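Report on the following structure.
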Amino acid sequence: MRFQTDLIPARLTRRYKRFLADCVLEDSGAEITAHCANPGSMAGLADPGTRVWLEPNDDPKKKLKYGWRLVDHENGHFTGVDTGIPNRAVKEALNAHQIAPLEAYGTVRAEVKYGRASRIDFLLHQEGLPDAWVEVKSVTLSRAGGFAEFPDSVTARGAKHLADLGEVAAAGHRAVMLYLVQRSDCTHMGLAGDIDPAYLAAWRAATSQGVETLCFDTDISPEAVRVGRPLRIEI
């Protein structure tokens with residue numbers, strides 16, 4: 001998934017009210033406010049002085065003219081902070097049959113209603129196969145070198161999604177929880193039960209009902225974010 005507009009570098013001044021980030025543009029020194037499309041805690045990613053990459057826009061309907069897309073760790077690695085990007089990257093990969101456990105499916109539908117007033121990220125269909133219901137979660141937390149964790153804050157909504165997937169699996173369909181690690185510096189992933197024990201319990205319950213868990217890393221640059229390799233899951 002390529003960014004629609006060339007990203008520009010900046011330095012973060014502060015992130016506040018969850019969805020706002022004050023930054024200083026590197027090229028001009030201008031102080032601007034960017035939209036932060038991430039409701040999580042963003043632990044370790046929002047320290048003042050962090051180098052970030054912003055996507056400018058000229059949409060008259062948007063009050064903020066920049067969107068915060070990446071954290072630059074200044075060691076060759078990046079973290080994607082926009083929680084809307086994983087679905088776009090996964091959709092591109094599904095349509096290109098690049099996710100091996102799901103590559104046999106020919107039809108990809110997004111945002112299909114199911115469960116208890118929920119919408120599944122993707123419903124996959126292929127004649128002769130059980131439909132696959134796929135939920136995608138963006139993973140950005142890393143508290144130990146190379147180890148990614150989800151979630152970074154309490155997520156009752158995430159637990160609800162797991163319960164809905166469990167019902168789908170119990171009804172005889174294929175249900176998949178796909179974690180996309182939006183970091184280029186991680187080799188394995190787990191669940192942060194100390195942050196949200198209810199989410200961990202919901203994952204265990206869903207797994208016992210037959211929900212599959214997949215995890216992939218991402219290839220990230222200021223030009224694009226793409227689904228990468230499978231990651232080892234340690235839970």
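The values are calculated or read from the model by the stated rules, or taken from the named source; none is laboratory data. Because the structure is a prediction, the values reported are computed rather than measured. We work out accessible area using only protein heavy atoms, side chains counted, and drop any ligands, DNA or RNA first. Shrake-Rupley method; radii C 1.70, N 1.55, O 1.52, S 1.80 Å.
Numbers at a glance
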| read-out | value |
| --- | --- |
| Other-chain or far-sequence residues with amide H under 5 Å of Gly67's (modelled H) | His35, Glu55 |
| P(r) weight above 30 Å for the chain, C-alpha pairs, percent | 26 |
| Total lysine pairs whose alpha carbons fall under 27 Å of each other in the chain (8 or more apart, or interchain) | 17 |
| Two-decimal ratio, segment 116-235, of alpha-carbon radius of gyration to 2.2 N^0.38 Å | 1.07 |
| Whole-angstrom gap from segment 91-153 to segment 1-64, using each part's C-alpha centre | 27 |
| Semi-axes of the equivalent ellipsoid for segment 20-140, Cα gyration tensor, largest first, Å | 34, 16, 13 |
| In degrees, nearest ten, helix 85-95 long axis to first principal axis of the chain (Cα) | 50 |
| The chain, accessible area per residue, ligands and nucleic acids excluded (1.4 Å, Å²) | 47 |
| Portion, in percent, of the accessible area of the chain that falls on carbon or sulfur, probe 1.4 Å | 50 |
| Cα gyration tensor shape for segment 176-235, rounded if a/c is under 1.5, else prolate or oblate | prolate |
